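The values are calculated or read from the model by the stated rules, or taken from the named source; none is laboratory data. Everything quoted here is computed from the prediction, not taken from an experiment. Cβ: placed from backbone, ideal geometry, glycine included. Neighbour counts: every protein chain shown. Accessible surface is based on the protein model in full, side chains and every heavy atom, while ligands, DNA and RNA are left aside. Shrake-Rupley method; radii C 1.70, N 1.55, O 1.52, S 1.80 Å.
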Amino acid sequence: MAASSRAQVLRLYRALLRESQRFSGYNYRTYAIRRIRDAFRENKNINDSEKIEELVNKAKANLEVIHRQITSLSALKMQSSSGIATCGLQ
């Protein structure tokens with residue numbers, strides 16, 4: 001693996017772990033962190049550049065999903081704590 005590709009993968013790994021730390025629920029947080037570590041360990045010996053690129057793109061998509069989930073959950077949490085009716089009933 002090229003040095004720049006390795007650096008990119010490591011940055012992505014750290015970003016996934018960092019973003020997963022933001023889950024407020026213990027079970028969500030530990031599950032996400034375990035899955036990230038397991039996936040990266042499972043794929044650490046892959047040398048095919050096309051396969052690496054495919055996995056990097058998949059990880060980037062997963063990072064976006066995690067970010068959206070955390071953003072949505074925190075927005076819902078803020079709404080419920082501020083007393084805003086979320087179901088349309090007042």
Here is a check on your reading of the model: is Ile70 under 18 Å from Leu17 (Cβ atoms) and modelled with pLDDT under 95?
yes
Being in a helix (DSSP H, G or I), modelled with pLDDT of 95 or more, loosely packed, with under 11 Cβ neighbours inside 10 Å and over 11 Å from the mean Cα position of the chain (by Cα), is that true of even one residue in the stretch 44-55?
no
Name the pairs: first residue in the stretch 2-18 and touching a residue at least 40 places away in the same chain (Cβ under 8 Å), second residue in a helix (DSSP H, G or I) and open to solvent by 70 Å² or more (accessible area, probe 1.4 Å), Cβ to Cβ under 8 Å, at least 6 apart or on different chains?
Ser5/Ser49; Leu12/Lys60; Leu16/Asn62
Within the set of pairs 6+ apart or on separate chains, which have a first residue in the stretch 22-43 that is part of a helix (DSSP H, G or I), a second that is among the aromatic types (Phe, Trp, Tyr), and C-beta atoms under 7 Å apart?
Arg29/Phe23; Ala32/Phe23; Phe40/Tyr13
